[in-house]
Ligand SMILES: *Cc1c(COP(=O)(O)O)cnc(C)c1O
């Protein structure tokens, strides 16, 4: 149902989908193109042009490591967050299998890169406990502790959720895992570059991150693995990444990622505060729409995330109509849009199917202004009203034939 709105504003584009991907920063873009042109050697080659590429690679490793409080030797470059998640979990599982520990603790609202890897491991005989994330979208550390058994080889809980933006009590969970001597992995793809992450202070053994979520290029990310933990290869071949990830390194992409991360961490405090203030303005504005609700905890959430449910409408039509007004947003995650199933994250926080279908995720970046936020609020309000005006569910709700949930 694509209604071309007459008031479609030509060329207007307010990008509110930074959880799906971000625009590359100028510094990262310049770094990447310069290196593609000038340092195109293979870092494994012994002649000077290859060695120059090797230097670029190792400089990037140092920058990335220092951004999260790690040592350069603990960083493995990957093709992105999904690969890092897969390798971390697979590695912990193989270590567990060797020691007769085949139980894994995770949460119900992880990214599919984690959930689908866990499903695969279950088919191989692993036992997986998925923790409840409750109505506020937060894992309770005491419940992690209670779920850990003598045969638990891994706890994997995401740092911040990609749909509802809730920030997990990672430090507390890490502390429990350290005490119980269980490996702790966190998918920190939404956190790194957005909120402070310190692998030592947070007691993290393994961490996944992805460049395109913090204004770096797509197709590049990294896995932090604490010294002494043995990785299992997903890709066999050459001896790149200390023998743990074969394939000629994406030198320009990796260097651009390091540049983007350095920039993101440098501007984190100022940008984070500014973005969080705009997010709160957005949340306040959207709350005024009748029968709407914010998804996830209002306080422990990423600076740019506002995720709402609106009763009586469908998310997909909402997105298309917003697009006509120049507002680029998402319902649920990019990975599941296109499927008609409601988001597993919204179901995990207890939203019923009908309500979960009417969800909207707005993830703003630091390029947005107060005027933009006000325009987004106005646009969402208009579109919700329009969709409700021809929604049979809304008609039933208004006629009292159905009970409002929100
Ligand atoms: C985007 C995302 C991923 C996947 O990262 P890619 O680099 O796109 O593979 C994994 N986990 C979370 C939480 C994400 O937001």
*Considering only segment 340-392, give the helices (runs of 4 or more DSSP H) lying wholly within it that have at least 3 residues that are under 30 Å from residue 25 (Cα atoms).*
370-389
*Test: residue in segment 248-256 that is surrounded by fewer than 17 Cβ atoms within 10 Å (Cβ to Cβ) and either assigned by TED's automatic domain parsing to the domain that holds residue 44 or at pLDDT 95 or above (or both)*: yes
*asked:* Kindly evaluate residue 230 against the criterion of being in a loop (DSSP other than H, G, I, E, B), in contact with a strand residue (DSSP E or B) (Cβ under 6 Å, 6 or more places away or on another chain) and at pLDDT 95 or above.
replied: no
*Residues of segment 281-327 being in a loop (DSSP other than H, G, I, E, B), buried (at least 22 other Cβ atoms within 10 Å of the Cβ) and within 21 Å of the chain's Cα centre (by Cα), which ones?*
295, 296, 302, 303, 304
*Residues of segment 175-188 being out of contact with any strand residue (DSSP E or B) (no Cβ under 8 Å at 6 or more places or on another chain) and either closer than 17 Å to residue 272 by Cα or not in a helix (DSSP H, G or I) (or both), which ones?*
181
_Leading residue by the ranking (nearest to the ligand (Cβ to nearest atom)) among those in segment 106-132 that are in a loop (DSSP other than H, G, I, E, B) and under 16 Å from the mean Cα position of the chain (by Cα)_ = 111
*Taking the residues in segment 348-380 that are at pLDDT 95 or above and surrounded by fewer than 16 Cβ atoms within 10 Å (Cβ to Cβ) as candidates, determine which candidate is farthest from residue 288 (Cα to Cα).*
369
*Quick one: is residue 79 within 16 Å of the ligand (Cβ to nearest atom), in the same structural domain as residue 127 (by TED's automatic domain parsing), surrounded by fewer than 22 Cβ atoms within 10 Å (Cβ to Cβ) and within 22 Å of the chain's Cα centre (by Cα)?*
yes
*What residue, of 261, 278, is outside the structural domain of residue 34 (by TED's automatic domain parsing), in contact with a helix residue (DSSP H, G or I) (Cβ under 7 Å, 6 or more places away or on another chain) and part of a helix (DSSP H, G or I)?*
278
*When residues of segment 148-165 are limited to those that are buried (at least 21 other Cβ atoms within 10 Å of the Cβ) and assigned to a loop (DSSP other than H, G, I, E, B), the one nearest to the chain's Cα centre (by Cα)*: 162
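Here's the yes/no breakdown for (1) without any contact (Cβ under 8 Å) to a residue 40 or more places away in the chain; (2) in contact with a strand residue (DSSP E or B) (Cβ under 9 Å, 6 or more places away or on another chain); (3) farther than 18 Å from residue 304 by Cα; (4) surrounded by fewer than 22 Cβ atoms within 10 Å (Cβ to Cβ):
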site	(1), (2), (3), (4)
167	no, yes, no, no
173	yes, yes, yes, no
190	no, yes, no, no
193	no, yes, no, no
203	yes, yes, yes, yes
207	no, yes, yes, no
210	no, yes, no, no
*Would you tally the residues in segment 190-215 being outside any strand (DSSP E or B), near the ligand (Cβ under 10 Å from one of its atoms) and over 10 Å from residue 159 (Cβ atoms)?*
3
*In segment 20-31, which residue that is surrounded by 14 or more Cβ atoms within 10 Å (Cβ to Cβ) and within 16 Å of the ligand (Cβ to nearest atom) is farthest from residue 55 (Cα to Cα)?*
20
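The values are calculated or read from the model by the stated rules, or taken from the named source; none is laboratory data. This is a predicted model, so every value here is computed, not measured. Heads up, the Cβs are rebuilt from the backbone with ideal geometry, glycines too, and the neighbour counts pull from every protein chain shown.
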